[in-house]
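**Student:** Here it is: the structure, laid out below.
A short reminder: the numbers here are calculations on the coordinates, not readings from a lab. Since the structure is predicted, the reported quantities are computational estimates derived from the model, not experimental observations. Cβ sites come from the backbone with ideal geometry, for glycine too, and all protein chains shown count toward neighbours.
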Amino acid sequence: DGGITQSPKYLFRKEGQNVTLSCEQNLNHDAMYWYRQDPGQGLRLIYYSQIVNDFQKGDIAEGYSVSREKKESFPLTVTSAQKNPTAFYLCASSIDVRRTQETQYFGPGTRLLVL
Amino acid sequence: DAKTTQPTSMDCAEGRAANLPCNHSTISGNEYVYWYRQIHSQGPQYIIHGLKNNETNEMASLIITEDRKSSTLILPHATLRDTAVYYCIARTGGKLIFGQGTELSVKP
């Protein structure tokens, strides 16, 4: 089945700890995205990547880091610098971010909780 | 991207049409209107998009006014599984900017 997978579904972080959220897609999409969603709010863009080995900051990149070493994978690290990391994290992909019409496909999400 | 305005919540009876409005009065000529929905604790799901003409697919219909300042998403026969938050987004490409959306509750 084609799609986007995110793991784990739930993740717990201790104070001062870095954690990495996984996102994999087998849709052969060039572009990938990470969003954060707080309760009752819409999604906010953290980082996006148009192509392998390239990524751009979104609206709320502080305290996060990403890598894009493979087309299929776009892991997100929540660093200890992110002081309020508790949220629902969503990964998405699309064919090409530069296209005028561009549909994004989302994974099931990872819920991060701070202990 | 143009700012969109949606009602916070709406109710709809099961089997009836659900009409979800969206205002995008500052939309520019090349910005598409997209609709996504998010069922609780899941990732958003693409529904439909359009530029000027009305669009229909297996999920919904999108009606865009002639001046393009507003649109309506129509779910022709709402079911309980259509209960979700519906997001209207105007974009040219690149980033999606999600507002708070409309929480649609379909009731038996």
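**Student:** Starting from the Cα-Cα distance between B:Ile39 and B:Leu51, subtract it from 0.36 nm times their residue separation and give me the gain in nm to one decimal.
**Tutor:** Numbers: separation 12, 0.36 × 12 = 4.32 nm, distance 2.54 nm.
1.8 nm is the gain from fully extending B:Ile39 to B:Leu51.
**Student:** Right, here's the next one. If you keep only loop residues by DSSP, which GluC sites (Glu not before Pro) in the range A:1-106 have at most 12 other Cβ atoms within 10 Å of their Cβ?
**Tutor:** On the way: sites: A:Glu15, A:Glu24, A:Glu62, A:Glu69, A:Glu72, A:Glu102; in loops: A:Glu15, A:Glu62, A:Glu69, A:Glu72, A:Glu102.
Here the sparse-neighbourhood loop sites are A:Glu15, A:Glu62, A:Glu69.
**Student:** Between A:Ser7 and B:Ser9, what's the calculated FRET efficiency when r is the beta-carbon distance and R0 is 35 Å? Round to 0.05.
**Tutor:** 0.60
**Student:** Taking the Cα centre of the range B:22-108 as the origin, how large is its charge dipole in debye, to the nearest 20, when only Lys and Arg (+1) and Asp and Glu (-1) carry charge on their Cβ atoms? Could the numbers behind the result be given before it?
**Tutor:** On the way: 8 positive and 7 negative charges, 32 e Å.
Dipole about the Cα centre, nearest 20: 160 debye.
**Student:** If one computes the Cα centroid of the range A:10-52 and of the range B:55-108, what distance in Å separates the two points?
**Tutor:** First find each Cα centre; the distance between them is then 24 Å.
**Student:** Let me ask something else. With Cβ to Cβ distances under 13 Å as the rule, what net charge do the other residues near A:Thr86 carry (K, R +1; D, E -1)? Intermediate values should be presented prior to the final figure.
**Tutor:** Numbers: positive: A:Arg13, A:Lys14, A:Arg36, A:Lys83, A:Arg111; negative: A:Glu15, A:Asp38.
The answer is +3.
**Student:** Among residues other than A:Ala31 whose Cβ falls under 11 Å from its Cβ, what is the net charge (Lys/Arg +1, Asp/Glu -1)?
**Tutor:** Numbers: positive: A:Arg68, A:Lys71, A:Arg98, A:Arg99, B:Lys95; negative: A:Asp30, A:Asp54, A:Asp96, A:Glu102.
Net charge in that neighbourhood comes out at +1.
**Student:** Would you mind finding the longest exposed-site-free stretch of chain B, with exposed GluC sites (Glu not before Pro) meaning DSSP loop and at most 16 other Cβ atoms within 10 Å?
**Tutor:** On the way: sites that count: B:Glu14, B:Glu58, B:Glu66.
Free of exposed loop sites, the longest segment is B:15-57.
**Student:** Here is a further query. Say each of B:Ala17 and B:Lys69 gets a label point 7 Å from the Cα, pointing the same way as Cα to Cβ; how far apart are those two points in nm?
**Tutor:** About 2.3 nm separates the two model spin labels.
**Student:** Name the residue farthest towards the positive end of the dipole of the protein assembly as shown from the options B:Leu96, B:Thr79, B:Asn57, assuming +1 on Cβ of Lys and Arg, -1 on Cβ of Asp and Glu, about the Cα centre.
**Tutor:** Checked the options; the winner is B:Leu96.
**Student:** Taking the Cα centroid of the range B:6-48 and of the range A:82-115, what is the distance between the two, rounded to the nearest whole Å?
**Tutor:** So the two Cα centres are separated by 19 Å.
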